[in-house]
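The values are calculated or read from the model by the stated rules, or taken from the named source; none is laboratory data. Because the structure is a prediction, the values reported are computed rather than measured. So basically every Cβ, Gly included, is an ideal-geometry build from the backbone, and we count neighbours across all protein chains shown.
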Amino acid sequence: MTMRPEGDPRETCRRRRRRWHARQRPWQSRGTPVTRRHDADDGFTLIELVVSFALFAVVVGIAVPHLRGRNYDLWGAHAQLMADLRQARADAITRGDHFAVVVTEASGYEVRRLRDDDGNGVWVPDATPFHRRTLPDHVRFVAGLYSNLEYNTRGLMVIPDAADALVLQDEHSGATKTVTVWPSGQVAPVEIPE
């Protein structure tokens with residue numbers, strides 16, 4: 001380190017600046033960013049921020065897959081069931097054939113097309129289902145199992161007494177969603193207040 005002579009203008013300027021800062025009131029001593037002294041506790045270092053974000057990303061990465069599956073599977077199955085019931089009714093009206101939604105098991109259902117090929121009034125289902133749906137692993141039918149909801153060419157239920165409420169339940173959370181099919185063929189979700 002080189003010693004500067006007593007009269008060095010740079011050293012004198014530094015001393016004057018230090019004395020000036022010492023005389024300033026607290027609200028005046030903020031100074032410009034160039035003259036302000038920063039303490040080590042003023043903020044976070046780059047390493048601290050990177051580590052914090054990495055830990056946050058790991059926690060989110062673990063939590064998100066579990067949240068997504070359980071929260072939306074019941075809602076998705078309910079929406080798909082309503083859509084299939086409404087589409088079967090619309091297809092019966094527009095295509096001139098009978099369509100049926102049949103709950104074949106607790107974990108699935110089929111949409112079937114029925115035809116009256118010989119005109120004798122007996123509607124026979126096609127050999128293969130129009131659609132086959134399987135519910136998510138932990139979603140099941142708890143009411144309306146083995147229901148056969150058949151629509152005629154006017155969109156009405158062929159057997160009005162077959163109109164039913166189909167109830168889906170999430171086995172993990174116990175939450176349920178209900179779809180009501182009216183004798184008129186209309187489909188409506190049932191909202192149960194909690």
Study note, to complete from the structure: Among residues of region 131-142 being surrounded by 15 or more Cβ atoms within 10 Å (Cβ to Cβ) and without any contact (Cβ under 8 Å) to a residue 40 or more places away in the chain, the residue farthest from the chain's Cα centre (by Cα) is 141
Exercise for review: Give the residue that is surrounded by the most Cβ atoms within 10 Å (Cβ to Cβ), with candidates limited to residues of region 174-194 that are among the β-branched types (Val, Ile, Thr) and modelled with pLDDT under 85.
Suggested key: 190
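Pick from 30, 37, 70, 25: which is modelled with pLDDT under 90, in a loop (DSSP other than H, G, I, E, B) and surrounded by 10 or more Cβ atoms within 10 Å (Cβ to Cβ)?
It is 30.
Yes or no: residue 91 in contact (Cβ under 8 Å) with a residue 12 or more places away in the chain, closer than 20 Å to residue 189 by Cβ and of a type in the set (D, E, K, R)?
Numbers: in contact (Cβ under 8 Å) with a residue 12 or more places away in the chain: yes; closer than 20 Å to residue 189 by Cβ: no; of a type in the set (D, E, K, R): yes.
When the stated conditions are applied, residue 91 does not pass them.
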Practice item. Those residues that are aromatic (Phe, Trp, Tyr) and within 30 Å of residue 72 (Cα to Cα), I need them from region 91-146; list them, please. Key: 99, 109, 130, 141, 146
Review point. Which of (1) within 25 Å of the chain's Cα centre (by Cα); (2) under 20 Å from residue 190 (Cα atoms) does residue 147 not meet, given it meets every other one?
Key: (1)
Point to revise | Number of the condition not met by residue 137 [criteria: (1) among the charged types (D, E, K, R); (2) closer than 24 Å to residue 184 by Cα; (3) assigned to a loop (DSSP other than H, G, I, E, B)] | key: (2)
Exercise for review: Among the numbered conditions (1) buried (at least 19 other Cβ atoms within 10 Å of the Cβ); (2) in contact with a Pro (Cβ under 9 Å, 6 or more places away or on another chain), tell me where residue 76 comes up short.
Suggested key: (1)
Review point. Between a first residue in region 98-125 that is among the polar types (S, T, N, Q) and a second residue that is in a loop (DSSP other than H, G, I, E, B), which pairs have beta carbons less than 6 Å apart while being 6 or more apart in sequence or on different chains?
Key: 107/135
